[in-house]
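Down below is the structure, laid out as structure tokens.
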Amino acid sequence: MLRCLTAVLVLLPVAVGAAERPTLSWGKPGVTLETYRADAVECGREGYYLDISNTDAAKVFKDASRQLENNEASLGMTGGNLDRAMQIANDSGRIVERTRPAERMKQVRTLLQDTVAGCLRARGYSQFQLTHAQRQYLKGLKPGSLERHAYLHGLASNPAILAAQHL
């Protein structure tokens, strides 16, 4: 049960927010492809390795997990009592509802994104928004491919694009 809840908590905000966000990227006029890739990896690592264990969101998830585990343990002690099992299920639902998982995951996502953004800004990068035509072209390129990296670098290092599409 806890594993299912964890999967829902992780996937829900991705599914909810995916269609709403514009396509954004980071650029720096004249940056070489090598530096662009190295900076992306280093700043991505800062976000990846950020310790979020003491954030409010993590504390709420830990507390909810403990409560759900206690409920799950007491389910085994119901001895076939359907009313007690239903009460435990209702209690578990309320625990999840109070946790507000989508909101908590958004808080964590924002913290991680802010960490990466701060790293990139410190290295002289600024954020820009891709045009509709650029987004359409990008969709045709395989994620992780050299062609995709080269295309994004071409946009991200072009001073005219950065000036026109700067956020």
With criteria (1) modelled with pLDDT under 70; (2) touching a Phe, Trp or Tyr at 6+ places or on another chain (Cβ under 9 Å), residue 43 comes up short on (1)
Looking at the structure I just gave you, is residue 20 at pLDDT 50 or above and either among the acidic types (Asp, Glu) or in a strand (DSSP E or B) (or both)? no
When every residue in the range 121-167 that is surrounded by 15 or more Cβ atoms within 10 Å (Cβ to Cβ) and of a type in the set (Phe, Trp, Tyr) is compared, the one farthest from the chain's Cα centre (by Cα) is 151
Taking the range 46-65 and keeping only residues that are surrounded by 12 or more Cβ atoms within 10 Å (Cβ to Cβ), acidic (Asp, Glu) and at pLDDT below 80, one is left with 63
- Item | Test: residue in the range 1-16 that is over 21 Å from residue 107 (Cα atoms), outside any helix (DSSP H, G or I) and modelled with pLDDT under 80 | yes
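The values are calculated or read from the model by the stated rules, or taken from the named source; none is laboratory data. Since the model is a prediction, treat every value here as computed from it, not as a measurement. Ideal geometry is used to build each Cβ from the backbone, glycine not excepted, and the neighbour counts take in all protein chains shown.
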